[in-house]
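Enquirer: Quick one: the structure is below, and I'll ask about it shortly.
The values are calculated or read from the model by the stated rules, or taken from the named source; none is laboratory data. What you are looking at is a predicted structure, and each value in this text was computed from that prediction instead of being measured. Note: ideal-geometry Cβ built from the backbone for every residue, glycine included; neighbour counts use all protein chains shown. In case anyone asks, the SASA skips ligands and DNA or RNA and just uses the protein heavy atoms, side chains included. Shrake-Rupley method; radii C 1.70, N 1.55, O 1.52, S 1.80 Å.
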Amino acid sequence: MNPNNEYQTRYASYLSLIEPALRLAVEPLESPLKEAISYSLLSGGKRLRPVLTLACCDLLHGCMEDAIPFACAVEMIHAYSLIHDDLPCMDDDDLRRGQPTNHKVFGEAMAVLAGDGLQSLAFATMAHQTLEATNVWHACRAMAAVADGCGVQGMVNGQVRDLQAEGKPVSLSSLQAIHAQKTGALIEAACLAGAACAGADTASYQTIGRFGQAVGLAFQIADDILDATSDAQTLGKTPGKDARDHKATYVSLLGLETARLRAQAACQQAEEALSGFGESAWFLRMTAQNAVKRSK
Ligand code: GRG
């Protein structure tokens, strides 16, 4: 099979575990919020983060069943972050995944609550899995990784620093630190959760963490490039917003060509982190490459 087809087949096999599990998690909700939650959680998206969770667990010979709830939790947190990020008080966007943003359809109050609900649903999903886990320590370690990644020392802080930096001069090292928290921390956590579920030893756990950080950076630089170069139809969201909001990005600080080189360098770093795993890490290596090559 050609490597691209093999990649697509493996990606689809992970999606076939994630999509039904997400639907099942939302199905029993008895709340007027169910529609707003479903709208953002079940509306497509690449599912990069949960795929990383399953693929990292797979690489370390873990059991997929153990990792699925954590993969779902990471995607729930991602969905909540997008809903909140799109609000008028944050990034103020009308378009996400080619559809009106959550607050445009359900109103701002419901969008805030849908995000809140998704975050608590993520932690409930992980906690219930932990109660039933064959290895409770592995599950707690996965939950801790996700909590650290999405919280006040991770994604939320990245968002705070990103908002505070708007319109101000930002150095490249500050920008990298903001990116590492805002986007990188949840991507890293997705990888670590998969490794934790597989019972990774300390060395493998740290290796997977380094891989996740580098993929997160590559992914965010690619996002900066797409924002500057793509169109709304391809992206499914409004392009050109970074310039509109006077936000420092890799493109505004370094120019397009250097930003592309930096994205490739981060991708290479991600691939090198996995060198000890040899051929068995091919899927994760290609995922790092695709984080840079993507068109949306
Ligand atoms: C509101 C607490 C809070 C955090 C928001 C994630 C985030 C922090 C903001 C999103 C802003 C943004 C567009 C960041 C760029 C990277 C990113 C997260 C892009 C969207 O992720 P994809 O491309 O989306 O994986 P899909 O639609 O594929 O799920």
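Enquirer: Keeping all protein chains in place, calculate the accessible area per residue for region 235-296 (probe 1.4 angstrom), answer in Å².
Expert: Values: 3090 Å² over 62 residues.
Spelled out: the 1.4 Å probe surface of region 235-296, per residue, equals 50 Å².
Enquirer: To the nearest Å, what is the center-to-center distance of region 22-61 and region 98-116, using C-alpha atoms only?
Expert: Taking the Cα centre of region 98-116 as reference, the centre of region 22-61 is 17 Å away.
Enquirer: At q = 0.14, 0.16 Å⁻¹, work out log10 I(q)/I(0) for the chain with the Debye formula, treating every Cα as an identical point scatterer and leaving solvent out; two decimals please.
Expert: Calculated log10 I(q)/I(0) at the listed q: -1.04, -1.38.
Enquirer: A further question on this structure: Please give the residues of region 67-99, grouped as numeric ranges, whose backbone N is less than 18 Å from a label point set 7 Å along the Cα-to-Cβ vector of S43.
Expert: 75-99
Enquirer: Here's another thing I want to ask about it. Taking amide H positions as placed 1.01 Å from N in the peptide plane, with prolines and chain starts having none, which residues 5 or more places from R96, or on another chain, fall under 5 Å of its amide H?
Expert: T101
Enquirer: Charges at C-beta only: +1 for Lys and Arg, -1 for Asp and Glu. How large is the resulting dipole of the chain about its Cα centre, in Debye rounded to 20?
Expert: Details: 24 positive and 33 negative charges, 100 e Å.
Taking the Cα centre of the chain as origin, the dipole is about 480 debye.
Enquirer: Could you check the spin-label model distance between N157 and L256? Points 7 Å from the Cα along Cα→Cβ, value in nm.
Expert: 3.5
Enquirer: Right, another one. With a Förster radius of 30 Å, plug the Cβ-Cβ distance of D201 and E132 into 1/(1 + (r/R0)^6) and report the FRET value to the nearest 0.05. Numbers along the way, then the final one.
Expert: Working: r = 24 Å, r/R0 = 0.80.
FRET efficiency, D201 to E132: 0.80.
Enquirer: Moving on. Given the pairs K34/K104; K168/K241; K241/K293, which are separated by over 19 angstrom at their Cα positions? Intermediate results must be reported in sequence, preceding the final value.
Expert: Working: K34/K104 16 Å; K168/K241 16 Å; K241/K293 21 Å.
Correct reply: K241/K293.
Enquirer: While we're on this one: Fully extended, how many nm does the chain gain between K293 and D92 (0.36 nm per residue separation, minus their Cα-Cα distance)? Numbers along the way, then the final one.
Expert: Values: separation 201, 0.36 × 201 = 72.36 nm, distance 2.68 nm.
Gain on extension, K293 to D92, equals 69.7 nm.
Enquirer: Please tell me the relative contact order of region 34-153 in percent, rounded to the nearest whole number, where contacts are Cα pairs under 8 Å and at least six residues apart. Before the final figure, lay out each step's value.
Expert: Numbers: 115 pairs, mean separation 33.1, N = 120.
This gives 28 percent for region 34-153.
Enquirer: Here's something else I'd like to know. Would you mind getting the accessible area per residue of region 16-165, heavy atoms of the protein chains only, 1.4 Å probe, in Å²?
Expert: Working: 6560 Å² over 150 residues.
Per residue, region 16-165 has an accessible area of 44 Å².
Enquirer: Same structure again: Which value in nm describes the separation of the simple spin-label points at E279 and Q99, placed 7 Å from the Cα toward the beta carbon?
Expert: Computed distance between label sites E279 and Q99 equals 4.2 nm.
Enquirer: Could you tell me the relative contact order of region 164-296? Use alpha-carbon pairs under 8 Å, at least six residues apart, and round to a whole percent.
Expert: Details: 166 pairs, mean separation 39.9, N = 133.
Across region 164-296, relative contact order equals 30 percent.
Enquirer: Can you give the relative contact order of the chain as a percent, counting alpha carbon pairs under 8 Å and 6+ residues apart?
Expert: Working: 456 pairs, mean separation 57.0, N = 296.
Relative contact order, the chain: 19 percent.
Enquirer: For the ranges 251-263, 43-55, what's the packing order if you count other beta-carbon atoms within 10 Å of each residue, average per peptide, and put the highest first? Could the numbers behind the result be given before it?
Expert: On the way: 251-263: 16.5, 43-55: 22.4.
Those peptides, ordered most packed to least, come out 43-55, 251-263.
Enquirer: Can you work out ³J(HN,Hα) from phi for every residue in region 91-105, in order, using Karplus 6.51 cos²θ - 1.76 cosθ + 1.60 and θ = phi - 60°, giving whole Hz and x for Gly and Pro?
Expert: 8, 6, 10, 9, 10, 8, 6, x, 10, x, 5, 3, 5, 5, 8
Enquirer: Hey, any idea what % of the chain's accessible area is carbon plus sulfur with a 1.4 Å probe? Don't skip to the end; give the middle numbers.
Expert: Details: 7150 of 13140 Å².
Answer for the chain: carbon and sulfur cover 54 percent of the accessible area.
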